[in-house]
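Quick notes on the structure that follows.
Here, each number is a calculation from the coordinates, and none is a lab measurement. All values derive from a computational prediction rather than experimental measurement. Cβ placement follows ideal geometry from the backbone for every residue including glycine, while neighbour counts extend to all protein chains displayed.
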């Protein structure tokens, strides 16, 4: 796949406009046509902010998703929401996110909704930027499903979800999507204690049908729920096995970790393109253009410009829109300044 030097991209999500958050809590007052209009308006707003910033790659901001992955459970049959297992009060943490009991065979006969999202993005986006779709991988998606007698472990659940995700990826490619990210932050969060070869095998089987048919990437981070990580924040446990993931590009969180282990980008760059998170989505410090330039130059010590993309650490859904907008603007300005200096 061709790759422009120091490409500017995003992971997937973008903050909801305030009115969308209000409306989503009062949907009983809206008709179906009102809801569809609201969704389109939200996507238009997300696209506007990304295009105005000047990104090379944009998404729909995942404006139709409750969360980067929780909304997918609405498309999966054989599960039932479980409120009892979710902590309601106290400091924000991942155990406050939704869980589900498995009550039947896991299947999604009508897909997971990503194709409809992509078709809407194609209709609303202007010509120019590459249009990207992001969907969670099966191991990450398995994290909110509780094992039972038929699916006795998280890996059992993952295996059941794998063909569902694979089918959705194929449908996206057939719909004309040329850029797809498979989000697998759970793999990076738990690489320190799980079988990393097993992780890679799961990932490679998930994406096998679309390898070579799109610019395929994966996003690896250490979690972000209301600005809080969840995993052991080190790249080292992923190596060397994660180098065998069959992707064109790997996205790695860096800014929030103050670029710790940046030297470990080098072995990834030998095998694939590397998208580096140089904007901290958990911090309301707005990186200046000079900050971005300095961070990119640091990355260039380990990743050649023609293999480097820059992005926020994670999706921006849990960062206020005013901050997200300015962070993206400065990221693109800094990338362009460095890119022009290469000519």
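What Rg and what Dmax come out for the stretch 10-162 when only alpha-carbon atoms are used, in angstroms?
Both quantities, over Cα of the stretch 10-162: 17.1, 51 Å.
Taking the C-alpha atoms of the stretch 196-343, how large are the radius of gyration and the largest Cα-Cα span, Dmax, in Å?
Cα only, the stretch 196-343: 15.3, 43 Å (Rg, Dmax).
Which values, in whole Å and largest first, are the semi-axes of the equivalent ellipsoid of the stretch 110-241 obtained as the square root of 5 times each eigenvalue of the Cα gyration tensor?
26, 18, 15
Using square roots of five times the C-alpha gyration tensor eigenvalues, list the equivalent-ellipsoid semi-axes of the stretch 94-178 in whole Å, biggest first.
They are 30, 14, 10 Å, listed from largest to smallest.
Give the Debye-formula value of log10 I(q)/I(0) at each listed q (0.15, 0.16 Å⁻¹), with one equal scatterer per alpha carbon of the chain, two decimals each.
Those come out to -1.38, -1.59, one per q.
Kirkwood hydrodynamic radius of the stretch 106-149 from all distinct Cα pairs, in Å?
Value: 13.1 Å, from the Cα pair sum.
Listing 310, 10 from the residue with the fewest other Cβ atoms within 10 Å to the one with the most, what is the order?
Listed from fewest to most nearby Cβ atoms, that is 310, 10.
Please sort 74-87, 23-36, 268-281 by packing, taking for each peptide the average over its residues of neighbouring beta carbons within 10 angstrom, highest first.
268-281, 74-87, 23-36
Determine Rg/Rh for the stretch 1-50; Rg is computed over alpha-carbon atoms and Rh is the Kirkwood hydrodynamic estimate from the same atoms.
Rg/Rh: 1.17.
Calculated from DSSP H runs of 4 or more alone, at -39500 (n - 2.57) each and per residue, what is the 222 nm mean residue ellipticity of the chain, nearest 500?
Rounded to the nearest 500, the figure is -11000 deg cm²/dmol.
When 14, 139 are ordered from fewest to most other Cβ atoms inside 10 Å of their Cβ, what list results?
139, 14
Counting other C-beta atoms within 10 Å, which of 89, 203 has the fewest, and how do the rest follow?
Going from sparsest to densest Cβ surroundings: 89, 203.
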